[in-house]
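Data block below; observations after.
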Amino acid sequence: MTDRPHLAVIGAGPAGLAATVTAAAHGVRVTLLDSAVQAGGQFYRQPAAELHAGRPQALHHQWRTWERLRDALARHVAAGRATYLTDHHVWFVERRLNQQPGTADRGGPRGAFTVHALLGPEQEAPVEVTADAVLLATGGYEKVLPFPGWTLPGVLTAGGAQAMLKGTLAVSGRTAVVAGTGPLLLPVATGLAAAGVEVAALVESADPRAFLRRTRALAAQPGKVAEGAQYAAQLLRHRVKLLTRHTVVEAHGDERLEAVTVAALDTDGRVRPGTERRIACDTLAVGHGMLPHTDLAETLGCRLDGLHVQVDDEQRTDVPGIWAAGETTGIGGAALSLAEGHIAGRSAAARLTGAEPDPRTWATAAKSRTGLREFFAALDTVYAPPARWTDLVTDDTVVCRCEEVTGGAIREAVARLGAGDVRTVKLLTRAAMGWCQGRMCGPAVAGLAGCELTPSRRPFARPVPLGVLAHAGEAEDDEHQ
């Protein structure tokens, strides 16, 4: 198998799994790297084996699709066509050779890329994987917007609540409010309710009447509409109160969350005075959509379209030898990620083996991709955060948790010190200089500064121990001697 061209796939969510099993089935040796200890990503996150979950499928949609992917990966690993590396945290992808445009994606040169990863929970042992091409399936992460009280224990992201439930079969409290905007709120609320949590309210800032202006895109995806209807039926069955065009104004509590105040929004996204109501709860799961993970793509020099990686019809980036699929190319859910992963895997296999790619082999996936992209583009216009969400951020509200920078400090940097972009705000306040490097607070800092959120161009995708960098430098010196 070692004479086969080698593809490294980074990320074992729906897109990475689909790409891996497809490429391995079409003549390519694949190494799949993922930071988790089990494949599946967030969507197919599994309980730890030690928990002996009796019906893990109860927490998931598309369970049979997951089983097919899981079993196909196992077969390819057993046959030597694929290698699956768990607990590998990729921090950099290095272009090893000066490539002429197009050479890497025609099957050469060999060993064009080195994937650098940190092994294990300590993330200190370096690992390197050399490959002829790389497929980025790095997924997305939640957009977090602050409000007074959001740092209280008991307040967590919607995806965090879902990950806790899927991965540990645990919940953070007995009474929850699910709030924010976006389709993720529905499975989070229904999942918590099914687990025995009293969901006091689902607080959605979007106006449901906006869907009436998107009927064509919705009608083209009857499966997605039916899925939404199923969630609505579950909410009714569990007697979850639905508050649309509402938002969380403040979270209350001394040592942990005790209640939240919610209020109605007017058509301009402002809180309507006199509509505030207080809801007792010990858990608040809040989310305002997702953002693509593009760190590795940025360090490779891939062109971005706004905040996501730009790809062609074959899921190729503009960097020869680099493909991208799934949420990193635009947020669109598991079905879209599967379609893009399939296309990327077929394209990479054809290019690396020297065959001429035949779009007919992925025509069904391409049709699905087109329809789902249109569907989620329509949803994006509906599920936008309230236009005036920054009005809720008081000067005392912590915005950057790593560096404890408040809303007032950011506003002062803009109004009094003349900061006109996020980078200048960062230099003046230390906002986004902490451990997360702005992944959590970046959207909030940009919103408060009145700037557009732009890619940060980080040199590495995650913090790296100095010893690992020193080792990498020594290895590079030895290679050139």
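The values are calculated or read from the model by the stated rules, or taken from the named source; none is laboratory data. Just so we're clear, the structure is a prediction, and the values are computed from it rather than from any experiment. Don't worry about glycine lacking a Cβ; one is built from the backbone with ideal geometry, like all the others, and counts go over all protein chains shown. Ligands, DNA and RNA are excluded from the accessible area calculation, which covers all protein heavy atoms including side chains. Shrake-Rupley method; radii C 1.70, N 1.55, O 1.52, S 1.80 Å.
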Protection proxy (average C-beta count within 10 Å per residue), highest first, orders 190-197, 174-181, 14-21 as 14-21, 174-181, 190-197
For the stretch 393-449, the accessible surface attributable to carbon and sulfur atoms (probe 1.4 angstrom, ligands and nucleic acids excluded) amounts in percent to 51
With label points set 7 Å from each Cα along the Cα-to-Cβ direction at R430 and R110, the distance between them in nm comes to 5.1
The rounded separation in angstrom of the Cα centers of the stretch 240-278 and the stretch 325-348 is 36
Calc'd 3J(HN,Hα), the stretch 378-394, phi into Karplus 6.51 cos²θ - 1.76 cosθ + 1.60 (θ = phi - 60°), Hz, glycine/Pro = x, comes to 5, 4, 4, 6, 8, 8, 9, x, x, 4, 10, 5, 5, 4, 7, 7, 6
The size of the Cβ-based charge dipole (Lys, Arg +1; Asp, Glu -1) of the chain about the Cα centre, to the nearest 20 debye, is 1680
Length gained, T454-A355, 0.36 nm per residue minus C-alpha separation, equals 31.9 nm
Measure of exposure for H246: accessible area at 1.4 Å probe, Å² rounded to 10, is 30
Of every hundred units of 1.4 Å-probe accessible area on the stretch 144-288, the number belonging to carbon and sulfur atoms, as a percent, is 54
Note to self: C-alpha centroids of the stretch 54-91 and the stretch 133-154 sit apart, in Å, by 24
Among the stretch 235-257, those whose backbone N falls under 16 Å of a label point 7 Å along Cα→Cβ from T275 are 242-250
Expressed in Å to one decimal, the Kirkwood Rh of the stretch 144-288 from all distinct alpha-carbon pairs is 15.6
Between L469 and R237, the two model label points (7 Å from Cα along the beta-carbon direction) sit apart by a distance in nm of 5.3
Here P(r) for the stretch 393-449, Cα-Cα distances in 10 Å bins, as whole percents, is 29, 62, 8
Taking only protein heavy atoms and a 1.4 Å probe, the highest-to-lowest accessible-area order of D207, D305 is D305, D207
The stretch 305-424, convex hull of Cα, quarter of hull surface, nm² -> 10.5
Helix 14-24 sits off the longest principal axis of the Cα atoms of the chain, rounded to the nearest 10 on a 0 to 90 degree scale, by 10
Contact order relative to length for the chain, counting C-alpha pairs under 8 Å separated by 6 or more residues, stands in percent at 18
As straight-line cross-link partners of K166, the qualifying aspartates and glutamates (C-alpha separation under 15 Å, not fewer than 8 residues apart within one chain) are E50
Against the 2.2 N^0.38 Å rule of thumb, the C-alpha Rg of the chain sits at a ratio of 1.00
In degrees, nearest 10, the alpha-carbon axis of helix 466-480 is tilted away from the dominant principal axis of the alpha carbons of the chain by 20
To the nearest 20 debye, the stretch 144-288 has a Cα-centred charge dipole, built from +1 on Lys and Arg Cβ and -1 on Asp and Glu Cβ, of 640
Unpartnered Cys in the chain, judged by a 4.7 Å Cβ-Cβ cut-off, are C281, C302, C402, C436, C451
Per the stretch 284-324, sqrt(5λ) over the Cα gyration tensor eigenvalues, sorted largest first, in Å, gives 25, 11, 8
If unit charges are put on Cβ atoms (+1 for Lys and Arg, -1 for Asp and Glu) and the dipole of the stretch 393-449 is taken about its Cα centre, the option from W435, A409, V399 lying farthest towards the positive end turns out to be W435
Partner lysines whose C-alpha sits under 16 Å from that of K367, ignoring same-chain residues fewer than 8 away, are K224
Sorted by accessible surface (1.4 Å probe, heavy atoms of the protein chains only), largest first, F43, F147 come out as F43, F147
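How large is the helix-only mean residue ellipticity at 222 nm for the chain, computed as the sum of -39500 (n - 2.57) over DSSP H runs with n ≥ 4, divided by its residue count, in deg cm²/dmol to the nearest 500?
-10000 deg cm²/dmol
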As a Kirkwood estimate from alpha-carbon pairs, the stretch 360-481 has a hydrodynamic radius in angstrom of 17.8
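In nm, what is the difference between 0.36 nm times the number of residues separating L307 and E128 and their Cα-Cα distance?
61.6 nm
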Residue separation between T267 and V37 times 0.36 nm, minus their alpha-carbon distance, gives in nm 78.3 nm
With the 1.4 Å probe rolled over protein heavy atoms, the chain has an accessible area per residue in Å² of 46
Working note, the stretch 238-324: Cα radius of gyration (Å, one decimal) and Dmax (Å, whole number) are 20.9, 58
To the nearest 10 degrees, the tilt of helix 222-237 (Cα long axis) against the first principal axis of the alpha carbons of the chain is 40
Sorting V225, V260 on solvent-accessible surface, 1.4 Å probe, most exposed first, gives V225, V260
